[in-house]
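Colleague: Structure provided below as structure tokens; questions to follow.
The values are calculated or read from the model by the stated rules, or taken from the named source; none is laboratory data. Remember, it's a predicted structure, so these values are computed and weren't measured experimentally. All Cβ positions, glycine included, derive from the backbone under ideal geometry; neighbour counts span all protein chains shown.
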Amino acid sequence: MESRLRVLRAERAWSQQDLAGRLEVSRQSVNAIETGKYDPSLPLAFRIAELFDLPIEEIFVSPSRRSSKAI
Amino acid sequence: MRRARRRASPTHSTLGRSDSLIEAKLYDGVTAHPYNVQVIADSKALELRQAGGWNDRIDASLLKRIDGGAAALRLGRIDKPGWRLILPLDAEAQLSPLLGREERYGRWIDRAGLLPALAAGALVTTSVVAIGYLAPAWIAPHVPMSWERNVGGSIVGDYGNLRCRNAEGQRALEALVERVAPGATKGANGIKIAALDVPVFNAAALPGGYIVVFKPAITETDTDALAGVLAHEVAHVRRRHVTEALIRELGIGALIRLFAGNIGANAEQIVSLSYTRTNEAEADSDAIQMLKRANISPKPTADLFLRLSKEAPEFSAEFLNSHPLSIKRAQKFAASFDSRARYQPALSRYQADALFEICWTGAKKPVM
């Protein structure tokens, strides 16, 4: 699943490790989510949304609304 | 009573003898006719004399009291069923050294007295109940690990295709156990750890030294916190808490059937066995010691426990059922944090990458 996680993290000048620490997950999780290799569970997705104070859909791109060129 | 005993002593004088003559009625057990007899007691036997010159000596061991009217003391003989000697009640004092005390409730109660006997009964009852509570902890360490192996093995087997099989990931998971408990995975009774691709947050110790850890506990947990969770499970295994919980929840009978290969209890029931507070506290203390020796920070574990204890339980229900969390438990881990210590990560970056991908097969993307 695509996400804006890398952008949001960069805006705050956090490393993957910084973000992992704030989310209480491993750096590998952050990396895998950012690269779209891993879909977080809903509880983790909500933790991410709460950390950035954004609705989930502004962080994760709904697969059904993804623009056709991305496919 | 003392006087009577003195009179009945074997060293009595002839005069003493005549003093202790007791008039009694004898039924010989053969005819219905009562004979008037005189009874003399010494310390070993009763001597019966009849006016006609007949006499008989009956050893005390042959005599027994017969329940009966309060008006007289009735004796019988063990060897002659119908034989009865009816004595006046006041003969009791003289004969009691010979006959022993009257049996009212049963031999040992009479000997001890009713109240002491009741107290002893209460003590026995309390002990039996107490043993019921404590026995699991006594029995558990004596159950051979090999008996449990099959049970744990078949539970892991029940998960079948859900078992995560990435070889490098498996090595990293074993390395994490070894990191907190060096040598724990080695040997015949070594701990066997398996990751399961099940979307619940949980880790559990199973019979036979198996530990299972579910995917979110790997992919959505700080590796150092996972080290703390695994250390806690290793402690449950080492202290035989699993066996103890099985005995407590299923009973020793079910446990034996289980070991005999009749796995009546399903995997879920065993995965969600609950431990006593004491068990949990012991496992926490052990885990804190293991993290300290391994030079791994206890803070991520404290943070995880704190978060899970506060979080809505839907996601972590499984974990909370088998590991009731409290802020207190989190604080215990937090309190062991040493700000001067130079903690090391539980796994190298390479190992952590491999562990994260343990449920990855090939190039396929993992799906929650």
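Colleague: For residue B:200, work out the one condition from (1) in contact with a Leu (Cβ under 9 Å, 6 or more places away or on another chain); (2) within 14 Å of chain A (Cβ to nearest Cβ); (3) over 16 Å from residue B:301 (Cβ atoms); (4) of a type outside the set (S, T, N, Q) it doesn't fulfil.
Modeller: (1)
Colleague: Ok, one more. What residue, among those in the stretch B:206-252 that are more than 14 Å from every other protein chain (Cβ to nearest Cβ) and of a type in the set (Ser, Thr, Tyr), is farthest from residue B:279 (Cα to Cα)?
Modeller: So, considering only residues that are more than 14 Å from every other protein chain (Cβ to nearest Cβ) and of a type in the set (Ser, Thr, Tyr), the one farthest from residue B:279 (Cα to Cα) is B:210.
Colleague: Looking at the stretch A:7-19, which of its residues are within 19 Å of residue B:356 (Cα to Cα) and surrounded by fewer than 20 Cβ atoms within 10 Å (Cβ to Cβ)? Steps first, answer last, please.
Modeller: Just the residues of the stretch A:7-19 that are within 19 Å of residue B:356 (Cα to Cα), to begin with: A:15-19.
Hits for the stretch A:7-19 are A:15, A:16, A:17, A:18.
Colleague: Follow-up question, since we're still on this one. How about the stretch A:42-59: which of its residues are farther than 16 Å from residue A:6 by Cβ, surrounded by fewer than 18 Cβ atoms within 10 Å (Cβ to Cβ) and within 14 Å of another protein chain (Cβ to nearest Cβ)?
Modeller: Answer for the stretch A:42-59, where residues must be farther than 16 Å from residue A:6 by Cβ, surrounded by fewer than 18 Cβ atoms within 10 Å (Cβ to Cβ) and within 14 Å of another protein chain (Cβ to nearest Cβ): A:42, A:43, A:46, A:50.
Colleague: I would also like to ask the following. So if I check each of B:198, B:212, B:242, which one is under 24 Å from the mean Cα position of the chain (by Cα) and among the hydrophobic types (A, V, I, L, M, F, W, C)?
Modeller: B:242
Colleague: Would you check if residue B:278 is assigned to a helix (DSSP H, G or I) and either at pLDDT below 70 or crowded, with 16+ Cβ neighbours inside 10 Å (or both)?
Modeller: For residue B:278, the condition - assigned to a helix (DSSP H, G or I) and either at pLDDT below 70 or crowded, with 16+ Cβ neighbours inside 10 Å (or both) - is not met.
Colleague: Checking residue B:124 against (1) in contact with a Gly (Cβ under 9 Å, 6 or more places away or on another chain); (2) modelled with pLDDT of 80 or more, only one condition comes out false. Which one?
Modeller: (1)
Colleague: List the helices (runs of 4 or more DSSP H) inside the stretch A:4-51, counting only whole elements, that have at least 1 residues being among the hydrophobic types (A, V, I, L, M, F, W, C) and over 20 Å from residue B:307 (Cβ atoms). Outline the logic, then answer.
Modeller: Numbers: elements: A:5-11, A:16-23, A:27-34.
It comes to A:5-11, A:27-34.
Conditions tested, residue by residue: (1) closer than 19 Å to residue B:40 by Cβ; (2) out of contact with any helix residue (DSSP H, G or I) (no Cβ under 6 Å at 6 or more places or on another chain); (3) assigned by TED's automatic domain parsing to the domain that holds residue B:36; (4) in contact (Cβ under 8 Å) with a residue 60 or more places away in the chain.
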residue: B:54; (1), (2), (3), (4): yes, yes, yes, no
residue: B:59; (1), (2), (3), (4): yes, yes, yes, no
residue: B:67; (1), (2), (3), (4): no, yes, yes, no
residue: B:85; (1), (2), (3), (4): yes, yes, yes, yes
residue: B:90; (1), (2), (3), (4): yes, yes, yes, no
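Colleague: Of the conditions (1) over 23 Å from the mean Cα position of the chain (by Cα); (2) in contact (Cβ under 8 Å) with a residue 12 or more places away in the chain; (3) exposed (fewer than 12 other Cβ atoms within 10 Å of the Cβ), residue B:190 clears all except one; give me its number.
Modeller: For residue B:190, the failing item is (3).
Colleague: Something else: When you look at residue A:2, is it surrounded by fewer than 16 Cβ atoms within 10 Å (Cβ to Cβ), touching a Pro at 6+ places or on another chain (Cβ under 9 Å) and either more than 12 Å from chain B (Cβ to nearest Cβ) or farther than 26 Å from residue B:172 by Cβ (or both), yes or no? Break it down stepwise before answering.
Modeller: Details: surrounded by fewer than 16 Cβ atoms within 10 Å (Cβ to Cβ): yes; touching a Pro at 6+ places or on another chain (Cβ under 9 Å): yes; either more than 12 Å from chain B (Cβ to nearest Cβ) or farther than 26 Å from residue B:172 by Cβ (or both): yes.
Judged against the criteria, residue A:2 is a match.
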